[in-house]
1. Out of curiosity, is residue 52 assigned to a helix (DSSP H, G or I), modelled with pLDDT under 95 and assigned by TED's automatic domain parsing to the domain that holds residue 84?
2. When you look at residue 136, is it in contact with a helix residue (DSSP H, G or I) (Cβ under 8 Å, 6 or more places away or on another chain), assigned to a helix (DSSP H, G or I) and at pLDDT 65 or above, yes or no?
3. If we scan region 15-29, do we find a residue that is in the same structural domain as residue 64 (by TED's automatic domain parsing), outside any helix (DSSP H, G or I) and modelled with pLDDT under 90?
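The values are calculated or read from the model by the stated rules, or taken from the named source; none is laboratory data. Because the structure is a prediction, the values reported are computed rather than measured. Reconstructed Cβ throughout: ideal geometry from the backbone, glycine too, with neighbour counts over all protein chains shown.
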């Protein structure tokens, strides 16, 4: 059974005068309409004011109600709009959300991305020499710009060739950006990614 809007005193608006004014408009509309559907639309507006998820959302709902406060038909259309566009989409799915992970084919690709992300996200070396060594391994001991092999290629017996040069490491990201990404307290890949950003 539909529940009537509580009185303004029960709703306890404290110092929110605009919200109280809009709520009183909803109360008056609820009392003067004659059909159950119209009453439901008036109540939707009132309950949206009372249960807005944030003060900015409440302010937006209040603003919308005040913008058509002089026209009851427009207020009822506003309530209907909230019902059809905001409330009903959440009621469309009658089934419960599955508690276990899905076996859908897209799930495997998501799991692969998660594993790859954990592999890629490694602790950054703390010194210049370690960073250069990792970059040379990643780039096949070549300069990314010129393609010429670094002198370390011969030292590590990666390749035996003439024409090696000493390359310099250039930091694109600040060195401190990748520190503490393998923190043992961080468990989920989302937290790892957030700590990286």
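1. No, not satisfied.
2. Considered against the rule, which asks whether it is in contact with a helix residue (DSSP H, G or I) (Cβ under 8 Å, 6 or more places away or on another chain), assigned to a helix (DSSP H, G or I) and at pLDDT 65 or above, residue 136 comes out as yes.
3. yes
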